[in-house]
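Novice: Take a look at the following structure, please.
The values are calculated or read from the model by the stated rules, or taken from the named source; none is laboratory data. These figures come from a predicted structure and were not determined experimentally. Backbone-built Cβ (ideal geometry, glycine too); neighbour counts: all protein chains shown.
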Amino acid sequence: MADPKTPITEIMEDNLVTVKVTDDQEFVAREMQRYDFTAMPVLDNEGMFVGIITIDDAIDVLTDESTEDMQKMAAILPDDDATTYFGTSVWTHAKQRIPWLLILMLSATFTGMVTTHYEEAFVSLPLLVSFMPMLMDTAGNCGNQISTLMVRGLALGEVEPADFMRVLGKELRVSAIVGAVLGVVNGLRIYLMYTFLFPGQYANVMGYAIVVSVSLFFSVILAKLVGGMLPLAAKKLGADPAIMATPFITTIVDACSLILYFQIAQLVFRNMM
């Protein structure tokens, strides 16, 4: 469209986005996604053009990286040689899953130690045991929610380890709201359920409702903070944030939630335990 006599320097684009041959493939794919490129020029260490990366390559890389992150978050060892679910052998599937399951099974020892320590509470107030699964599951789900957001944010470059205090402040506010809502709803449920459906069978129903509500409130806050901070810490230390997702967070949150639960129960029922 330009006049044939116009010098190239007047019409060329010199503010180019390029990558180097030493750049990580995931970084290159993210850059192509960021700029909506269908091809990315690749330069060597001396700034000379050596080739291009196409959108097909970028899609393959992002798919592989996403699959690897999901496997790590599900406590499955990644396998570069694996293809599809049915294309992977039974032995390979088992080999990928057993190591993390062993680690998590053994780490559950801490939860068992906590429950053993508060064995007297079970004897004095057996109804406390019925609320433990709900408390641990809710706290674990809350931790998994924020850890998933953090792993995704770190992968896309939306969140950095330097944002630690910003994430901490935001999650404190979010978890306070979530914990308050869940705590109030569960407190009302317990009070109404054991007052009207099981009238006279349990003494101090209000005490149980208070214990569960307060425990749930603080457990949600703890879970959100642990779930948000661990992936950031992993990234800062050079580890894969996905490793710190579901497996470790669930174990830590379960043990801490039970400690909070029984400490609060001891305060409320100090004369009965």
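Novice: Which of the helices (runs of 4 or more DSSP H) contained wholly in region 122-236 include at least 1 residues that are over 24 Å from Q266 (Cβ atoms)?
Specialist: Numbers: elements: 127-130, 132-156, 164-192, 205-236.
Qualifying helices (runs of 4 or more DSSP H): 132-156, 164-192, 205-236.
Novice: Do any residues in region 153-172 that are under 28 Å from D24 (Cα atoms) have Cβ atoms under 6 Å from those of residues that are part of a loop (DSSP other than H, G, I, E, B), where the two are at least six apart or on different chains, and which pairs are they?
Specialist: G153/V159
Novice: Would you check which residues across region 85-112 are touching a residue at least 24 places away in the same chain (Cβ under 8 Å) and either among the β-branched types (V, I, T) or part of a helix (DSSP H, G or I) (or both) and list them?
Specialist: Initially, region 85-112 is screened for residues touching a residue at least 24 places away in the same chain (Cβ under 8 Å), giving 96, 100-101, 103-104, 107-108, 110-111.
Across region 85-112, the qualifying residues are Q96, W100, L101, I103, L104, S107, F110, T111.
Novice: Pairs under 9 Å by beta carbon, first residue in the same structural domain as I52 (by TED's automatic domain parsing) and among the small types (G, A, S) in region 1-25, partner surrounded by 10 or more Cβ atoms within 10 Å (Cβ to Cβ) and assigned to a loop (DSSP other than H, G, I, E, B), six or more apart or different chains?
Specialist: none
Novice: Could we say that V123 is at pLDDT below 75, loosely packed, with under 14 Cβ neighbours inside 10 Å and of a type in the set (A, V, I, L, M) here? Quick ask: steps written out before the conclusion?
Specialist: Values: at pLDDT below 75: yes; loosely packed, with under 14 Cβ neighbours inside 10 Å: yes; of a type in the set (A, V, I, L, M): yes.
Yes, satisfied.
Matching residues to (1) surrounded by 20 or more Cβ atoms within 10 Å (Cβ to Cβ); (2) in contact with a helix residue (DSSP H, G or I) (Cβ under 9 Å, 6 or more places away or on another chain); (3) not hydrophobic (A, V, I, L, M, F, W, C):
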site	(1), (2), (3)
S175	yes, yes, yes
R189	no, yes, yes
P199	no, no, yes
M206	no, yes, no
A223	yes, yes, no
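Novice: Something else about it: Conditions first: (1) closer than 27 Å to V151 by Cβ; (2) outside any loop (DSSP other than H, G, I, E, B); (3) of a type outside the set (S, T, N, Q); (4) modelled with pLDDT under 80. D81 passes all but one, so which condition is the exception?
Specialist: (2)
Novice: Moving on. Only one of these is under 28 Å from E158 (Cα atoms) and modelled with pLDDT of 85 or more: D3, D36. Name it.
Specialist: Working: D3 fails: under 28 Å from E158 (Cα atoms).
It is D36.
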